[in-house]
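First comes the structure, then the notes that go with it.
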Amino acid sequence: MQKTLLVCLVLLGALAGLFGQNMYEAETEHYRVLSSVSPEHAQETAMAAEALAHLYNQYFRFEMDELPSRMTVRIFADRSDFDRHLTRIIGETRNEPVYLHFTDHARSELVAYIMDDFEQYRASLTHQSVIQFFRAFVQNPPLWLREGFAVYFENSYYDDERGEAVFQANTAWLETLQHLMSGSLPVMPLSTVLSADVATARSQLDTFYPQTWGMITFLTESENRQHNRMLWDAIAALEPQASLAQNVEQVERRVLRWVNTEDLVDEFITFVSEMRSFRQLVEQGIEYYGGGEYEAAEEQFRRAIALRDDNHVPFYYIGLILYGQGLYEQAEVYYRVALERGGPEGLVYFALGVNAFAGSMFDDAVQFLERALERDPGSYGDRAEQLIARIGN
């Protein structure tokens, strides 16, 4: 009896080593999430996946109730279990989250592990979740649609406080695309992009990704409704069970054959040339500010915030602009946000102190200036002490 029990314990230990950590499960209407992190992580991930799916579907317009089963997401707390799981299924591993697609919907799953770089992890997980969602309804969509949308949504995220998915534009490929359009880098012909298979895309990733992202951005955000309609018609033309080549042909036959591609490319180039990345907007705003063009500067900074609201620079400069306009209470709001976004504490506290002093909020001014002294005495010590002395007099 004891020997049998010992054998069972050894076997259980071996199985635990083989299959890794326990997986906690959570379900929503369209997702099944397995996580080895915690029950709470499984539930939060499921809620995020569900919310993001509804965001994606504002563009795809699929009948979500027609899914044969829930989509599966499997997340491991560490890399070793992730590697072991992938090796068992596909005979190799990956460095980032990956969507494993099978003809049998129930076998398909998005697999990830908690990466050290959270922003990279979130972007990569979102990228793969778009592909999972798309291929749950269309087995083999054209790669320019599949990867273009995946990059387009990459910066979107789930806001747990609001309980909803938030679209955040991704302009990471914009400057590369602008170089491509200017002739500085080799460009893939439109016909190649539209018909690309996996081998073609992989061989030219540095041009394929920016071009497909640019095409989706152009077709979704163009003010010309014919461009928007072209994208919706392309998605509607796809057959759920068709091969990649068949779906490429479907889009060509039902949509692209009616399009004047020369005019479309010209409008695309104009659209891309007028776009600005976060970095470009901030640099232009600082240039305008330095030249005294405050209204133009504020416009650039607000456009930058619309792209990314996690960086302190545009908030700080808008604070400066509002201070210059005598709008001290509003300026304080923006300075405080700049602090929350990681702005240099000495710099921002000094700006808050000067702003409070100008607005006759003297007690606040002293507190802010003292904090500036504490955080960065070398840069703001003398000026902060002089202003505190003026308040004391």
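The values are calculated or read from the model by the stated rules, or taken from the named source; none is laboratory data. If you're wondering where the values come from, they're calculated on a predicted model, not measured in any experiment. Here the Cβ is made from the backbone with ideal geometry for all residues, glycine too, and neighbour counts use every protein chain on show. Note: accessible area is taken over every heavy atom of the protein model, side chains too, but ligands, DNA and RNA are not part of it. Shrake-Rupley method; radii C 1.70, N 1.55, O 1.52, S 1.80 Å.
Since only 320, 195, 148 are under comparison, the one whose Cα sits farthest along the positive direction of the charge dipole of the chain, derived from C-beta charges on Lys, Arg, Asp and Glu, is 195.
What the Cα atoms of segment 236-392 give is an Rg and a Dmax of 24.7, 79 Å. How many angstrom lie between the Cα centre of segment 300-369 and the Cα centre of segment 38-105? Cα centroid of segment 300-369 versus Cα centroid of segment 38-105: 41 Å apart. A 1.4 Å probe over all protein chains sorts 63, 221 by accessible area into 63, 221, starting with the largest. With every protein chain in place, what's the accessible area of residue 104 (1.4 Å probe, Å², nearest 10)? Taking all protein chains as shown, residue 104 has close to 80 Å². Taken one residue at a time, the phi angles of segment 241-258 give Karplus couplings (6.51, -1.76, 1.60, θ = phi - 60°) of 9, 6, 6, 4, 4, 5, 6, 4, 5, 4, 5, 4, 6, 8, 10, 6, 5, 9 Hz. Gly and Pro are set to x. Residues within the reach of a label modelled at residue 310 (point 7 angstrom out along Cα to beta-carbon, backbone nitrogen below 14 Å), restricted to segment 109-126, are 115-126.
Per residue, the chain reaches -20500 deg cm²/dmol at 222 nm when only DSSP H runs of four or more residues are counted, each adding -39500 (n - 2.57).
Shape index of segment 66-196: Rg/Rh, with Rg the Cα radius of gyration and Rh the Kirkwood radius from the inverse mean 1/r over Cα pairs, equals 1.00. Think of a 1.4 Å ball rolled over the protein heavy atoms: segment 240-393 then has 56 Å² of accessible area per residue.
How many angstrom lie between the Cα centre of segment 194-237 and the Cα centre of segment 144-190? Result: 11 Å between the Cα centres. The candidate values are [x] 22.5; [y] 27.4; [z] 21.3; the one derived from this structure for mean projected area of the Cα convex hull in nm² carries the label [y].
Take every pair of alpha-carbon atoms less than 8 Å apart whose residues are at least six positions apart; their mean separation over the length of the chain yields a relative contact order of 9 percent. Full extension of the chain segment joining residue 167 with residue 221 gains 18.1 nm, where the gain is 0.36 nm per residue of separation less the Cα-Cα distance. Carbon-plus-sulfur accessible fraction, the chain (probe radius 1.4 Å, protein heavy atoms only): 49%.
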